[in-house]
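Data block below; observations after.
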């Protein structure tokens, strides 16, 4: 399977999530993207649920510089050091792993490795991963610092783009969500409303 370009490197990890720093400023994968990193002999898979661009120095915030500039690009042209003083990072919720070509849609036994390379999964791999929708249980029942329904919907929208028939995939995912969220109609309605 063709390997997608690296989008970052793991800088923080736990069994449930990892944070990766992007190699290029502002180049974090889209919200809900499926990404992977290696922890031999496993490949860990997760969804991007949060991204930030901040100063490299903790506690030091960027300051406004564009008052006399004609465009945002002009700010970076007149202050080329800015790209070396800022960093973009993204947080990933781990939802499964692959070992010996077998998919497991639950948490891996160990966290990702620090400095592990992070790749955006190509469409073929997204289709393989999503042949089973059992990862939705982990996704729906996780505690994140932002609304879960936004993340679930973003993940499903991103995954649907890898399928030949995006609508059929979303319908199947909607049926699975109806089972998982049968006792929470409001959350189900919120997720399904964001899938359009």
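The values are calculated or read from the model by the stated rules, or taken from the named source; none is laboratory data. Here the structure is a predicted model, which means the values were calculated and not measured. With ideal geometry, Cβ positions are generated from the backbone for all residues, glycine too; neighbour counts draw on all protein chains shown.
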Just to check your reading of the model, which residue among 154, 168 is modelled with pLDDT of 90 or more, within 17 Å of residue 46 (Cβ to Cβ), in a helix (DSSP H, G or I) and out of contact with any helix residue (DSSP H, G or I) (no Cβ under 6 Å at 6 or more places or on another chain)? 154
Within the stretch 105-121, does at least one residue satisfy the condition of being closer than 20 Å to residue 48 by Cβ, without any contact (Cβ under 8 Å) to a residue 60 or more places away in the chain, in contact with a helix residue (DSSP H, G or I) (Cβ under 8 Å, 6 or more places away or on another chain) and not in a helix (DSSP H, G or I)? yes
Just wondering, is there one or more residues in the stretch 124-142 that are within 30 Å of residue 55 (Cβ to Cβ), within 17 Å of the chain's Cα centre (by Cα) and either at pLDDT below 90 or assigned to a loop (DSSP other than H, G, I, E, B) (or both)? yes
Residue ID - surrounded by the most Cβ atoms within 10 Å (Cβ to Cβ), chosen from residues in the stretch 51-86 that are assigned to a strand (DSSP E or B) and over 17 Å from the mean Cα position of the chain (by Cα): 86
When residues of the stretch 173-189 are filtered for being surrounded by 14 or more Cβ atoms within 10 Å (Cβ to Cβ) and either within 20 Å of the chain's Cα centre (by Cα) or at pLDDT 90 or above (or both), how many remain? 4
